[in-house]
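One structure below.
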Amino acid sequence: MLKDLLAEVAKADYLSKLSLAQKLEQPVGLIEDGLEQLVRLGYLKEDGGLQNCELPCGKCPYASMCQTTPIKMMALTKKGFNLLADH
C-alpha cells in the first residue's frame, strides 16, 4: 500500500488526504499514517507550505484557505523516485 500511496503522490499536481483515501479505497487515518511513514523512511519530504506563492491570488486550488490555514506540501525524494522506478 505504501508504494501505491507514493505513486499517487508522485503523479498528482495537488491532492488531499481525503482524495488519496478515496482513490486507494482506504480510511483517511491509514493514509495519514502511510504519509508519515513515507516521510520517516525518506521517500517523501514535507515542505513548509505556500508562504511564497507566486500564483496570482485566487488562481490555485488553495485560494479559499490562503493565509488562513497552513498547507503542507509533499514531494518525492530521490529515494522515492528510485523506489517507483523499480515498481
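The values are calculated or read from the model by the stated rules, or taken from the named source; none is laboratory data. From a predicted model like this one, the values you see are computed outputs, not experimental measurements. Using ideal geometry, Cβ is built from the backbone for each residue, glycine included, and neighbour counts are taken over all protein chains shown.
Where the second residue is modelled with pLDDT under 90 and the first is among the acidic types (Asp, Glu) and lies in the range 3-19, which pairs have Cβ atoms under 8 Å and are six or more apart or on separate chains?
Filtered contacts from the range 3-19: GLU8/LEU15.
Considering only residues that are touching a strand residue (DSSP E or B) at 6+ places or on another chain (Cβ under 8 Å) and exposed (fewer than 13 other Cβ atoms within 10 Å of the Cβ), which ones fall in the range 3-43?
Scanning the range 3-43 gives no hits.
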